[in-house]
1. Among helices (runs of 4 or more DSSP H) lying entirely in region B:1-114, which contain 3 or more residues that are crowded, with 16+ Cβ neighbours inside 10 Å and in contact with a helix residue (DSSP H, G or I) (Cβ under 9 Å, 6 or more places away or on another chain)?
2. Starting from residues that are within 16 Å of ligand 2 (Cβ to nearest atom) and either under 17 Å from the mean Cα position of the chain (by Cα) or surrounded by 22 or more Cβ atoms within 10 Å (Cβ to Cβ) (or both), keep the ones in region A:44-54 and report whichever is nearest to residue A:227 (Cα to Cα).
3. Inside region A:76-89, can you point out the residues that are more than 12 Å from residue A:200 (Cα to Cα), within 16 Å of ligand 1 (Cβ to nearest atom) and within 8 Å of chain B (Cβ to nearest Cβ)?
4. Evaluate region B:182-191: report whether one residue or more is farther than 30 Å from residue B:275 by Cα and touching a strand residue (DSSP E or B) at 6+ places or on another chain (Cβ under 7 Å).
5. Can you tell me which residue among B:408, B:339 is within 11 Å of chain A (Cβ to nearest Cβ), more than 26 Å from residue A:107 (Cα to Cα) and modelled with pLDDT of 95 or more?
6. Give the residue, chosen from A:15, A:94, that is within 16 Å of ligand 1 (Cβ to nearest atom), farther than 28 Å from residue A:238 by Cβ and over 19 Å from the mean Cα position of the chain (by Cα).
7. Can you confirm whether residue A:193 is buried (at least 19 other Cβ atoms within 10 Å of the Cβ), away from ligand 2 (no atom under 16 Å from the Cβ) and either at negative phi or more than 14 Å from chain B (Cβ to nearest Cβ) (or both)?
8. Sort out which residues of region B:267-286 are crowded, with 24+ Cβ neighbours inside 10 Å, outside any loop (DSSP other than H, G, I, E, B) and free of Cβ contacts under 8 Å to residues at least 60 places away in the same chain, and write them in order of number.
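The values are calculated or read from the model by the stated rules, or taken from the named source; none is laboratory data. Since we're looking at a predicted model, the values are computed, not measured. No Cβ is skipped: glycine too gets one built from the backbone with ideal geometry, and neighbour counts run over all protein chains shown.
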Ligand SMILES: Nc1ncnc2c1ncn2[C@@H]1O[C@H](COP(=O)(O)OP(=O)(O)OP(=O)(O)O)[C@@H](O)[C@H]1O
Ligand SMILES: [Mg+2]
């Protein structure tokens, strides 16, 4: 059974149709990349998958593991194994990253019938994962994303992902804002999560991250539709030609 | 209860109140009564009472609790423990059997006002009138007329008391509405230091009216930490007026947590009379249903080099109303004053409302003064972010609310109290979360 099956998905934001009929199937073990011009609807698709309020689905369906994903609340989706790494991670003053991570991990564990981790177990786990991603422990004592640099925020997203061990990962421009070395570390961290049961949807503007995180399929999203799909070589082609051809196609 | 009804009662009851027939006290009471008669119950026409309406008081026939019989222990709500010394007042009557005031070190008076008045209470003749809240305060005048029992603390020069002093006020009205007018006095002489925890708990199918006055005098270099928890019965009127006066380099750290009450007015008048006085007063208000909670604070900087900080956080659900009025006055002599006040409110539902305004009156030219006020709702983006990580909506809301009030709570310098307050606030937030989810 497909891990994710999107069929003829239409969605509006503030009454304006942004997604205009998307079809996409991700099998377990696959990595898909989505590229496309600014404003083409990539983040909108990621929000619809995560269940954000205000993103209204007006047609089509989304099946996750054969189940109607759109019927679930955001927290239920997260517990079912869906993870969105935000393009713009949200600052939450007053909530330390450590507390946040622990609350999230225990919520997800509880959702899958596992025991909550106690403070010591959690600390050990989070330290190990943070170290692997080159995250300073000091950062975990600060409020969630508050005052973090762009790169720190992105690393933080991947740390959350590594902790929660989701089955379907949607990465919305996780590579943007990372310096060259950080990109390598972060991509490596994501690559480490690749497994035969898991799937990934990697939204990006650059083929660079795809050198570390080699996709099985590449799609071009333009004007709210997938206008072309291909293998990894499509990313290289786009890098050379840009999106001009697809803009016309979408219009 | 109308003004004439209070007056009518005066002659009959005052001989039976604390201090009995002492001349100075009788004159003080009479003065209070005549001021109250002149001023009447506060009206919303008065600027200071623009947002808080006490007219409902006029329609309730309160019996004076001080002359009612004792309430049996098994009728009392649970009394919180903080360790240290403890004085329990039930409807403003001192209850020694529930209290713990043994083994006081030398130079320390911690006792009930009526007891002190019955013994060597003459020093009170100097202090009670001297520290009192402004003349024009009608409810403080009413308190003076009918003042019942209360807490008296006096620390001699240089005495530092480690154990916290816990003042517990229990309000309970079973058959008919009751009013009580507690009067507390805390005097720390030069260099003395103490911690005062003040809790108000209550129960009652009928309403009670707690109209307290607390006078605090801090000598040069004296330090007081003062933590108050207001968790009155849902039908209760809680009016509390604190008058604080600080000499050179005295320090005051106050915190007020509002959890209960029907109509609440917590008013603080601080006078920084000596050089380099430092005061901080912070608070958290959590209110739902139809509760009304008003924090009114006035800080007067009269001497150079003083510092004041006010931070009040308010979370309102359902149809609750919150008020924060912060007034800072800087006298011409008070150069190098550093004063800042901030009020933040979170409205959980469209029926909730926050009012108030900051007021700065500055007559000195070399000062640093500022204020801020913000009213908002829970951040949708933050809520979604938390939920997208598996945290359910209710828990996510609570995380954000706790973060919001945390900023004020973390200013409580005594860790054990800070933790207790956080637990109490957390419990209250839990119950407020119900019915607010969309
Ligand atoms: N609240 C809104 N009201 C109206 N239009 C919106 C709203 N939010 C997003 N849009 C529009 O939806 C379109 C798609 O936005 P989206 O963020 O999905 O693009 P994107 O492909 O992720 O772009 P980028 O590469 O810049 O991140 C844009 O044209 C954007 O302006
Ligand atoms: Mg985007």
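1. Numbers: elements: B:3-13, B:23-39, B:55-58.
Fully inside region B:1-114 and qualifying: B:3-13, B:23-39.
2. Of region A:44-54, the ones within 16 Å of ligand 2 (Cβ to nearest atom) are A:44-50, A:52, A:54.
Now narrow it down to the ones that are either under 17 Å from the mean Cα position of the chain (by Cα) or surrounded by 22 or more Cβ atoms within 10 Å (Cβ to Cβ) (or both): A:44-50, A:52.
Working: A:44: 16, A:45: 15, A:46: 17, A:47: 20, A:48: 19, A:49: 20, A:50: 23, A:52: 25 Å.
In this case the residue turns out to be A:45.
3. If we filter region A:76-89 for residues that are more than 12 Å from residue A:200 (Cα to Cα), which is where we start, we get A:76-80, A:86-89.
Restricting the remaining residues to those that are within 16 Å of ligand 1 (Cβ to nearest atom) gives A:86-89.
Of everything in region A:76-89, those that are more than 12 Å from residue A:200 (Cα to Cα), within 16 Å of ligand 1 (Cβ to nearest atom) and within 8 Å of chain B (Cβ to nearest Cβ) turn out to be A:86, A:89.
4. Initially, region B:182-191 is screened for residues farther than 30 Å from residue B:275 by Cα, giving B:182.
Add one more test, that the residue is touching a strand residue (DSSP E or B) at 6+ places or on another chain (Cβ under 7 Å), and what stays is B:182.
Yes - at least one qualifying residue is present in region B:182-191.
5. Details: B:339 fails: within 11 Å of chain A (Cβ to nearest Cβ).
Exactly one of B:408, B:339 is within 11 Å of chain A (Cβ to nearest Cβ), more than 26 Å from residue A:107 (Cα to Cα) and modelled with pLDDT of 95 or more, namely B:408.
6. Numbers: A:94 fails: within 16 Å of ligand 1 (Cβ to nearest atom).
Result: A:15 is the single residue among A:15, A:94 that is within 16 Å of ligand 1 (Cβ to nearest atom), farther than 28 Å from residue A:238 by Cβ and over 19 Å from the mean Cα position of the chain (by Cα).
7. Working: buried (at least 19 other Cβ atoms within 10 Å of the Cβ): no; away from ligand 2 (no atom under 16 Å from the Cβ): yes; either at negative phi or more than 14 Å from chain B (Cβ to nearest Cβ) (or both): yes.
Judged against the criteria, residue A:193 is not a match.
8. Taking region B:267-286 and keeping what is crowded, with 24+ Cβ neighbours inside 10 Å, we get B:268, B:270, B:272, B:277, B:279, B:281, B:283-286.
Add one more test, that the residue is outside any loop (DSSP other than H, G, I, E, B), and what stays is B:268, B:270, B:272, B:279, B:281, B:283-286.
B:268, B:270, B:279, B:281, B:285 - these are the residues of region B:267-286 that are crowded, with 24+ Cβ neighbours inside 10 Å, outside any loop (DSSP other than H, G, I, E, B) and free of Cβ contacts under 8 Å to residues at least 60 places away in the same chain.
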